[in-house]
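Just below is one structure, and these are the notes that go with it.
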Amino acid sequence: MTQKRILILNGHPGETSLSRQFADHYAQAAEQAGAEIRIHHLPDMQFDVDFGQGNYSKFKPLELPLEMFMEDLDWANHFVLTTPMWWGGLPAKLKGLFDRAFVPGRAFNTRVKTRMGMPTPMLTGKTARVILTSDTPLWFERLIYKRAILHQLNKQILGFVGIRPTRYTYFSGASDATHDMVQKWTQQVTSIGAMAA
């Protein structure tokens, strides 16, 4: 069996967060289980989040943190993202990372179309795990919001560039989480990391 090469991205822009805690615990458990690990923390990455002109004819060169992230994503066969849900979506800096780094010729090919007429994904052969924190109860996220953030990540970001399948772990009530809740969640993340899943 091929050794797991895992890229972990803590997608919370703050210096301290549950997302960072989960990323670190996942990394430690996966490494102890024999996986190779590379980890990036969003607050440590300095780059312009603004895509700019909004077209693909001429876009900004990637800053070193984005270049290193993409090199590590090319290397990885499993991608783990820990992030909060803010205002129903991704934090602005995290969305900016995808806007800037997932560009034609690097993440998808606009010159070669699929049978559906879509650009050909270039990051195939990778799976993903998203560990998501939110204040929205899971039932509300499913019933009222129709799992919009999961569809965005699964279909319009990760799946679009070929990273699939993506599995999700959802923790709700994050802002008011008790110590016991956080401990339970961390144990769950550690167990997932130990399976490199």
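The values are calculated or read from the model by the stated rules, or taken from the named source; none is laboratory data. As the structure is a prediction and not an experimental result, all values here were calculated from the model. When we count neighbours, we look across all protein chains shown, and the Cβ atoms used for this are built from the backbone with ideal geometry, even at glycine. Surface accessibility is based on the protein's heavy atoms, side chains included, excluding ligands, DNA and RNA. Shrake-Rupley method; radii C 1.70, N 1.55, O 1.52, S 1.80 Å.
Figures for the structure shown
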read-out	value
Among 132-141, 103-112, 13-22, the order from most to least packed when residues are scored by Cβ within 10 Å on average	13-22, 132-141, 103-112
Beta bridge orientation in the chain: antiparallel %, DSSP, nearest 5	15
Dipole magnitude (debye, nearest 20) for the chain, charges at Cβ of Lys, Arg, Asp, Glu	1040
Within the accessible area of the chain (1.4 Å probe), percent carbon and sulfur	53
Inverse of mean 1/r across different Cα pairs in the range 103-168, Kirkwood, Å	13.1
C-alpha center-to-center spacing [the range 82-99, the range 1-39] in angstrom	18
Listed residue (Gln32, Leu97, Val112) projecting farthest to the positive dipole end of the chain, Cβ model	Val112
The chain: relative contact order in percent, alpha carbon pairs under 8 Å with at least 6 residues between	26
Prolate/oblate/rounded label for the range 18-94 (Cα gyration tensor, a/c 1.5)	oblate
Degrees, to the nearest 10: 179-194 long Cα axis against longest axis of the chain	50
At 1.567 mPa s and 4 °C, Stokes D of the chain from Kirkwood alpha-carbon radius, µm² per second	75
Solvent-accessible area per residue, Å², over the range 29-130 with all protein chains present [probe radius 1.4 Å]	52
Helix axis angle, 64-75 relative to the chain longest principal axis, alpha carbon, degrees	80
